[in-house]
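Reading through the structure tokens given below for one structure.
Read the figures in this text as sums done on the coordinates, not as results from a lab. Since we're looking at a predicted model, the values are computed, not measured. Note: ideal-geometry Cβ built from the backbone for every residue, glycine included; neighbour counts use all protein chains shown.
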Amino acid sequence: MLRSSDSERIREGICPRCGGPAPGAGLCAACRAADFSWLCCDPRVTITVCPSCGARREAGVWADFSASRDELTREAARRGLHVSPEVRDVSVELVIHERTVNRSFADCRVRGRLFGEPVEENCQVEILWVKEQCSRCSRMAGSYYEGIVQVRGEGRKPRPAEIRAAEQIARNIEEGLYSSGERLSFISEIEETRDGLDIIVGSQRAGKEIASAIVERLGGHVSTHPKLVGEKAGKRVYRITYAVRLSPYSRGDIVLVRGKYGEIMSGHGKEIRYRDLAENVQRKTTERQVERIVGNIADSSEYLVTFRQGRMIGLLDPATGQSTESPFPPGMDVQAGSKVRVIHDGDRLILLGTA
Ligand SMILES: [Zn+2]
Ligand SMILES: [Zn+2]
């Protein structure tokens with residue numbers, strides 16, 4: 001034990017600067033730490049924000065954020081501090097002074113351990129707030145667009161309910177894209193035209209997603225028509241028209257298919273799904289098999305069931321007081337006294353279901 005501690009003392013030298021104990025012939029840890037330049041402080045950092053929407057540009061990319069001005073200032077000040085990796089247990093204290101709306105100052109106190117010795121440095125970082133309109137806001141302000149979703153009916157005008165639904169679908173898609181960071185996928189305008197609805201979009205992705213979502217919900221099909229509008233940085237620039245053609249039949253239409261009545265459930269592309277009203281089962285058909293539209297479930301009226309006998313019921317027309325007998329489809333729960341929905345096809349009564 002004694003020998004070993006003796007030999008350690010022999011290896012230990014004297015620090016040439018402070019005279020304290022030092023390993024070998026060099027400076028002691030405290031003097032090395034004092035000589036070591038371990039903190040580099042940027043005199044100025046900038047924060048670029050959009051005055052219209054508040055987005056921030058970070059490494060050339062605009063993004064929305066929820067941080068407060070104070071949090072942003074602190075984050076920017078920290079970015080201006082560069083601490084040598086030799087320093088351990090780094091802690092930073094910041095005192096922020098707001099000079100003007102465009103300038104803040106951060107007094108920074110940085111502490112850590114270097115070569116086992118505690119170290120501390122102070123510096124000041126100026127934070128410049130730069131206002132610049134973001135890509136989304138400047139495109140929106142400049143009415144920039146990359147596509148138009150045109151919602152039309154096939155051989156008819158879209159119904160008001162379809163127009164409202166299409167608009168709602170478009171807004172939901174825009175919101176979804178925006179919150180997933182697709183800032184350029186905005187809707188610059190929604191315009192109701194004589195023939196339907198025009199949705200003008202800032203990106204082709206938005207156009208594509210809106211068009212397919214509308215068809216998914218309302219039925220019909222989409223065709224795309226690109227148009228060359230010029231060249232930008234050697235690349236051809238296209239604007240795309242997404243022509244949505246809503247199915248000639250919409251949900252709730254009562255149609256005649258091969259001599260039998262049906263209620264349209266949905267139509268995708270050329271395929272139509274409907275409920276066979278006599279059998280009360282779902283079937284598929286094509287547009288070409290539909291002979292004609294009789295009406296829409298929205299035009300139906302309520303009839304009172306006067307009696308039920310086997311598969312026959314009596315129906316009382318509320319307008320005329322006239323009574324009619326009609327078979328009712330399987331699976332339909334009708335009792336005397338209950339009400340059912342009925343639509344007329346000329347003299348014929350079509351039973352749609354319970355009211
Ligand atoms: Zn020393
Ligand atoms: Zn903006």
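Computing FRET efficiency as 1/(1 + (r/R0)^6) for residue 195 and residue 164, where r is the C-beta to C-beta distance and R0 is 25 Å, gives about 0.95. Of interest is the spacing of the C-alpha centroids, which for segment 331-348 and segment 189-210 amounts to 41 Å.
Cβ crowding within 10 Å ranks 46, 285 as 46, 285, fewest other Cβ atoms first. The alpha carbon centroids of segment 261-275 and segment 84-147 are separated by 60 Å. Spacing of the modelled spin labels on residue 99 and residue 354, each 7 Å from Cα toward Cβ, amounts to 7.7 nm. Compared with the direct C-alpha span, the chain from residue 317 to residue 25 gains 93.8 nm at full extension, assuming 0.36 nm per residue. Over the chain, dividing the summed -39,500 (n - 2.57) contributions of all DSSP H runs of at least 4 residues by the number of residues returns a 222 nm mean residue ellipticity of -6000 deg cm²/dmol.
Residues 128, 246, 277, ranked from the fewest to the most other C-beta atoms within 10 Å, line up as 128, 277, 246. Once the Cβ-Cβ distance of residue 180 and residue 75 is raised to the sixth power relative to R0 = 25 Å, the FRET efficiency obtained is 0.60.
When the square roots of the Cα gyration tensor eigenvalues are ordered a ≥ b ≥ c, the ratio a/c for segment 244-338 is 1.5 or more and a/b exceeds b/c, which makes its shape prolate.
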